[in-house]
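Single-structure report; data block below.
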Amino acid sequence: MNPKLILCLALVLSGTLLGCSTTPRHSVESRQWGLTTNGLQMSLSVLADGNREDPEFEVAFRNMGEQDVSLNLGIMLANGKVQLPDKIHLSLMDGSGRSRDLHFSDKRYASVSGRVDAYVVPLRAGSTYTLKLRLDQFWLPDTEEFRLKLKPGRYQVSAQFQGVGAETSNPDMAGVELMNFWKGKLQSNVVVIVE
């Protein structure tokens, strides 16, 4: 028998015996979802292995409708090498009831020069798209806080998405405005973080 095949089988078997899994951290069925709006749902999950002051999140979109749609999640730079989902916001409420609206902003790309494209994600009917985000990728426009860290306490967090058509158009991508973009406002479930 081929030694490489034996090694692969041994690794798969050892992973199974040790309880390792190649399945995603959150299956689609185990996620909490927001209400369905025009056939789309949104989910927010907090990843347990993240930094407590700067938690990591998974944001998922699920197409529950009968038609395939496209989502414009924000902008892409450098021909898609940098993807900035700035159409996703977070709402953060602390234990005292103070609510803050957080906007996405990757600090590595504070200024934009050069080509900008729409961050288009095709989403077939019955399909799910998931992306990973961190709290430090968001900022507070009201107070201009760019480095938000959670202090000890209880927080409620939810995500919002504002679906629009293509807002950027380059001559070589003239037909992007004609795509079937999902439009509307979408709200995720609410998750609780206790620090």
Quick check: from the Cα gyration tensor, does segment 25-194 come out rounded (a/c under 1.5), prolate or oblate?
oblate
Over 20 Å between Cα atoms, which of K87/K183; K149/K185; K87/K132; K87/K149; K87/K107; K151/K185 qualify?
K149/K185; K87/K149; K151/K185
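Please work out the FRET efficiency for the pair K81 and Y129, using the Cβ-Cβ distance as r and a Förster radius of 25 Å; give the result to the nearest 0.05.
Details: r = 19 Å, r/R0 = 0.75.
After rounding to 0.05, the efficiency reads 0.85.
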Quick check: from the Cα gyration tensor, does segment 37-98 come out rounded (a/c under 1.5), prolate or oblate?
oblate
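Ranked by Cβ crowding within 10 angstrom, fewest neighbours first, how are S169, S45, S30 ordered?
On the way: S169 14, S45 21, S30 9.
So the ranking, lowest neighbour count to highest, is S30, S169, S45.
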Within segment 85-125: backbone nitrogen closer than 14 Å to the N170 label point (7 Å, Cα to C-beta)
113-120
Compute the length gained on full extension between R108 and Q162: take 0.36 nm times their separation in residues and subtract their Cα-Cα distance, giving the result in nm to one decimal.
17.1 nm
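So which trypsin sites (Lys or Arg not before Pro) in segment 47-98 are both in a DSSP loop and have at most 14 other Cβ atoms within 10 Å of their Cβ? Don't jump to the answer; show the numbers that get you there.
Numbers: sites: R52, R62, K81, K87, R98; in loops: R52, K81, K87, R98.
Answer by residue number: R52, K81, R98.
A short reminder: the numbers here are calculations on the coordinates, not readings from a lab. From a predicted model like this one, the values you see are computed outputs, not experimental measurements. Every residue, glycine as well, gets a Cβ built from its backbone with ideal geometry; the counts of neighbours run over all protein chains shown.
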